[in-house]
Amino acid sequence: MTAPRLSGGAALVERVLARYRERTVAALLRHIPEQSPPYLYELAADYPARPCKGLRAALCLATCAAFGGDPARALNPAVTVELFHNAFLIHDDIQDGSELRRGEPTLPAAYGVEVALNVGNATHLLGLQRLMANRRGLGGELAWRLFEETELMCRQSLEGQALEIAWIRDNACALAPGDYYRLCLKKTSWYTFLYPCRSGLLVAEGASADSNRLDRFGWYLGAAYQIQDDVLNLAGTQEEYGKEIAGDLWEGKRTLMLIHLLDRCTAAERARAERYLSRTRSQRGPEAAEDVRWLLDRLAAYECVESARQAADGLVAAAEREIDGVLGSADPCGEQEADEAREFLLALPGFVVERGR
C-alpha cells in the first residue's frame, strides 16, 4: 500500500529546493578564495549566486535524507555537484555562443572567451578541492567512491557533449529518437540526476552501498528534463526561461523536435532545413532570422512540440513508477526533513515537466 502523499507537491518541491539551495550556495561561497588574481575566483561565484533552482545539489541532499542519512554530511558532496555543474555551464556558454544565463549576460558575453574559459577551469579546480575535502569529513573509502562517481559523471558528460558537437559539426540530419535519448542519458541524465542521487545514496548508506538503485529513475527523469528544456527554448518566455528563446535553432542543436521535423516534413522543406543547419551561426547572415521563424512555423505545423511534450509525459510516468517502487511504500520515519525529502523525490517527476525554466 502506497504511503499517503503530502499535499501541494509543487509547493513542497519549491520549498525543499529553496532550503537546500540556500545551504549549498552559502557553503560554496565560503570555499571560494578571497584573494584572487583579476577576473578569476570572484567570477567563479557569479553563476552560483544568480537566481536558480539548485536542483542537482538538492537531489544529493534529499536523496541522502530520504535514505536515512544526515544531509549535513552530504553538504560538501552537494557543493561539489554544484561546482562541477557551474563549470560545465560556463564551458557550454562558450561552445554554444550563448548570450544569456539565468536572465543575465553569460560570462563569455560579459568578459570574453579567454576570461570565461579560465573561470570555468578554476571552477572545476574548486570542485576537485571539495572532492579532496571528503577524505577528512567522510573517510578515505567513501571519499574514493565519490571520486569514482565524479570521474564517471565527467566521462559520460564529456562524451555526450562530444556527440552533440559532432552532430552540429557534421550536419547530422538522419538521426532517430533513439540517438537523442542516448545523448540525454550521457549529457543530461548523468550529471543532473544520476550523479547527485548516487552521491547522496553513498553518503547515506556508506561506501559499500549499491549506488545503482535510482539509475532508472534518474535516466527517465533526465530525458524528460531535457525535453522540457528544449520545449521551453522554443515555447517559453525569456523572462521565465532566462536564456535566449529559439537559441537551440540558432545553434543547430538536434533536439527531439527537430528530429521529428526532419522525419515528417516534405523533401523540399527538409532540403531547406538541411541547408540552414549546414552553416554555423556566424555564417548564416541576416537572412537567418527568417529561417528561424520558418523553422518555428514548420515545427508547429507538424506538431513537433506537442509530440515532444507527449514523450516527456511518458518518461515522467516511468520515473514516477520507478521512484514509487523504491520509496512509495516506505513508512514515514517521523523526522520532518527525511519525510519531506522522500516526498520531494516522489513529486519531482511531475514538477520537471511543469517548470517554467
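The values are calculated or read from the model by the stated rules, or taken from the named source; none is laboratory data. Here the structure is a predicted model, which is why all the values come from computation and not from measurement. Don't worry about glycine lacking a Cβ; one is built from the backbone with ideal geometry, like all the others, and counts go over all protein chains shown. The protein model used for the area step is the full one, side chains on, heavy atoms only, and it has no ligands, DNA or RNA in it. Shrake-Rupley method; radii C 1.70, N 1.55, O 1.52, S 1.80 Å.
Could you please give the count of residues in the range 179-218 that are open to solvent by 50 Å² or more (accessible area, probe 1.4 Å) and small (G, A, S)? Steps first, please.
Taking the range 179-218 as the starting set, the residues that turn out to be open to solvent by 50 Å² or more (accessible area, probe 1.4 Å) are 179, 181-182, 185, 205, 208, 210, 212-213, 216.
Filter once more, so that each one left must be small (G, A, S): 208.
Result for the range 179-218: 1.
So which helices (runs of 4 or more DSSP H) are wholly in the range 1-103 and hold at least 2 residues that are open to solvent by 10 Å² or more (accessible area, probe 1.4 Å) and modelled with pLDDT under 95? Can you show your working first?
Working: elements: 9-30, 41-44, 46-49, 55-66, 75-96.
The helices (runs of 4 or more DSSP H) meeting that bar are 9-30, 75-96.
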Check on E244, surrounded by fewer than 16 Cβ atoms within 10 Å (Cβ to Cβ), in contact (Cβ under 8 Å) with a residue 60 or more places away in the chain, of a type in the set (D, E, K, R) and over 22 Å from R321 (Cβ atoms) = no
If we keep only residues of the range 143-176 that are of a type outside the set (D, E), within 18 Å of I259 (Cβ to Cβ) and open to solvent by 50 Å² or more (accessible area, probe 1.4 Å), then the residue nearest to the chain's Cα centre (by Cα) is I165
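Quick check: is even one residue across the range 150-172 touching an Asp or Glu at 6+ places or on another chain (Cβ under 9 Å) and outside any helix (DSSP H, G or I)? Talk me through it step by step, then tell me what you get.
Of the range 150-172, the ones touching an Asp or Glu at 6+ places or on another chain (Cβ under 9 Å) are 161, 163, 167-168, 171-172.
Filter once more, keeping what is outside any helix (DSSP H, G or I): 171-172.
Within the range 150-172, one or more residues are touching an Asp or Glu at 6+ places or on another chain (Cβ under 9 Å) and outside any helix (DSSP H, G or I).
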Exactly one of H124, H85 is under 19 Å from the mean Cα position of the chain (by Cα) and over 28 Å from A308 (Cα atoms), and that residue is H124
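Which residues, taken from the range 301-318, are open to solvent by 70 Å² or more (accessible area, probe 1.4 Å) and under 17 Å from N233 (Cα atoms)?
Of the range 301-318, the ones open to solvent by 70 Å² or more (accessible area, probe 1.4 Å) are 303, 306, 309-310, 313.
Of everything in the range 301-318, those that are open to solvent by 70 Å² or more (accessible area, probe 1.4 Å) and under 17 Å from N233 (Cα atoms) turn out to be E303, E306, R309, Q310.
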Within the range 272-284, residues farther than 20 Å from S98 by Cβ and in a loop (DSSP other than H, G, I, E, B) come out as S278
By residue number, the members of the range 250-271 that are more than 26 Å from D313 (Cα to Cα), part of a helix (DSSP H, G or I) and either without any contact (Cβ under 8 Å) to a residue 12 or more places away in the chain or of a type outside the set (D, E, K, R) (or both) are W250, A267, A268, A271
Selection from the range 121-142 of residues of a type in the set (A, V, I, L, M), surrounded by fewer than 18 Cβ atoms within 10 Å (Cβ to Cβ) and touching a residue at least 40 places away in the same chain (Cβ under 8 Å) yields A133
